[in-house]
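> This is the structure, below, for whatever I ask next.
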Amino acid sequence: MPQENLSDMLKFNQQGLIPAIVQDYEDGQVLMLAYMNKESFQKTLETGLTWFWSRSRGKLWQKGETSGHIQRVKEIFYDCDADTLLIKADQTGAACHTGNRSCFYRSFSLRGD
């Protein structure tokens with residue numbers, strides 16, 4: 001299937017976005033969650049680097065554009081409902097803006113058995 005038609009298979013929400021979970025290609029660690037629109041999805045396919053839509057800034061951004069902490073895409077999966085992406089990538093440096101490798105570095109303590 002031509003790349004320009006791949007986004008037609010996906011279900012973007014009312015804001016034109018789809019959540020994209022980024023996972024380390026080698027060890028499976030979940031690195032981050034961000035949102036893509038059709039344009040950022042297309043740029044990701046074209047460049048092999050992750051591009052997202054910033055909801056707070058209202059613009060496209062390439063992961064690592066200023067920090068150098070880029071993500072080279074190895075595989076892209078979509079879920080059974082075609083409304084969520086799973087991107088497996090080689091991460092250079094930290095994925096999180098805090099400097100942590102993953103945005104998921106904190107946990108809750110659960111009580112009980």
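The values are calculated or read from the model by the stated rules, or taken from the named source; none is laboratory data. Source: prediction; values computed, not measured. Virtual Cβ from ideal backbone geometry, glycine too; neighbours counted across all protein chains shown. The accessibility values were calculated without ligands, DNA or RNA, using every heavy atom of the protein model including side chains. Shrake-Rupley method; radii C 1.70, N 1.55, O 1.52, S 1.80 Å.
> Among (1) open to solvent by 50 Å² or more (accessible area, probe 1.4 Å); (2) modelled with pLDDT of 95 or more, where does Ala34 come up short?
(1)
> Let me ask something else. Could you list, in sequence order, all residues of the stretch 37-60 that are open to solvent by less than 50 Å² (accessible area, probe 1.4 Å), on the phi < 0 side of the Ramachandran plot and in contact (Cβ under 8 Å) with a residue 24 or more places away in the chain?
The answer is Asn37, Phe41, Gln42, Thr44, Leu45, Leu49, Thr50, Phe52.
> Return the only residue of Ala89, Ala95 being assigned to a loop (DSSP other than H, G, I, E, B), touching a Lys or Arg at 6+ places or on another chain (Cβ under 7 Å) and at negative phi.
Only one candidate passes the filter, namely Ala95.
> Looking only at the stretch 98-113, count every residue that is without any contact (Cβ under 8 Å) to a residue 24 or more places away in the chain and either among the charged types (D, E, K, R) or on the phi > 0 side of the Ramachandran plot (or both) and tell me the total.
Residues that pass the stated criteria total 5.
> Continuing with this model, one more query. Just the residues that are open to solvent by 40 Å² or more (accessible area, probe 1.4 Å), over 12 Å from the mean Cα position of the chain (by Cα) and closer than 17 Å to Leu33 by Cβ, please, taken from the stretch 61-102.
Of everything in the stretch 61-102, those that are open to solvent by 40 Å² or more (accessible area, probe 1.4 Å), over 12 Å from the mean Cα position of the chain (by Cα) and closer than 17 Å to Leu33 by Cβ turn out to be His69, Asp79, Asp81, Asp83, His97, Thr98, Asn100, Arg101.
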